[in-house]
Structures are given as structure tokens and as C-alpha cells.
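The values are calculated or read from the model by the stated rules, or taken from the named source; none is laboratory data. Every value quoted in this text rests on a predicted model; they were computed, and no experiment measured them. Neighbour counts run over all protein chains shown; Cβ positions are idealised from the backbone, glycine included. Areas reflect the complete protein model, heavy atoms only, side chains present, ligands, DNA and RNA absent. Shrake-Rupley method; radii C 1.70, N 1.55, O 1.52, S 1.80 Å.
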Amino acid sequence: MIRRPRCPFCGYRLDEKGRCQHKKCADYERTKILEAIDKKQEEEAAANAVENAHEPSQDAGSSNVSNGII
């Protein structure tokens, strides 16, 4: 059985990402900041995926012109 590491400040067990979830710990402020950054990056990735799904391919219209066929 693998033992999860503990927070060096309060001794609380760390989560899967290695962050302290103990709300009274000084390191919890860092956890809140990192989780906010992770959430923002996930939202941006989802928005980019939606945008990329709706954009047509750039090669679709230019292939006939580059071949000399109009």
C-alpha cells in the first residue's frame, strides 16, 4: 500500500495533485490559487476546442488555386 505524503506545514494528507486541502493550513492559500489557475486553463481549453470544431479548414479553398484550377 502506497502512503500519500503529508503537508509539511500541518501534517494533513495531500490530495492526488500533492496539494493540502486543510482549510486552516497556511499552504491552503496556495492550493486555492493553483486550483483557480487549473479551472481557468480547463475553461480556455474547452472554449478553444469548441472554436476549432466550428472553423473550416484553411486548405479547403486554397487547394484549387494552388493547382492552377479556378
Cross-chain or 6+ apart pairs with Cβ under 7 Å, segment 34-56 first and of a type in the set (A, V, I, L, M), then at pLDDT 95 or above and open to solvent by less than 90 Å² (accessible area, probe 1.4 Å): 34/19
Pair list, Cβ < 8 Å and 6+ apart or interchain, from segment 1-30 residues that are on the phi < 0 side of the Ramachandran plot and assigned to a loop (DSSP other than H, G, I, E, B) to residues that are β-branched (Val, Ile, Thr) and open to solvent by less than 90 Å² (accessible area, probe 1.4 Å): 19/31; 21/31
Hits in segment 1-28 (condition: open to solvent by 80 Å² or more (accessible area, probe 1.4 Å) and within 19 Å of the chain's Cα centre (by Cα)): 16, 17
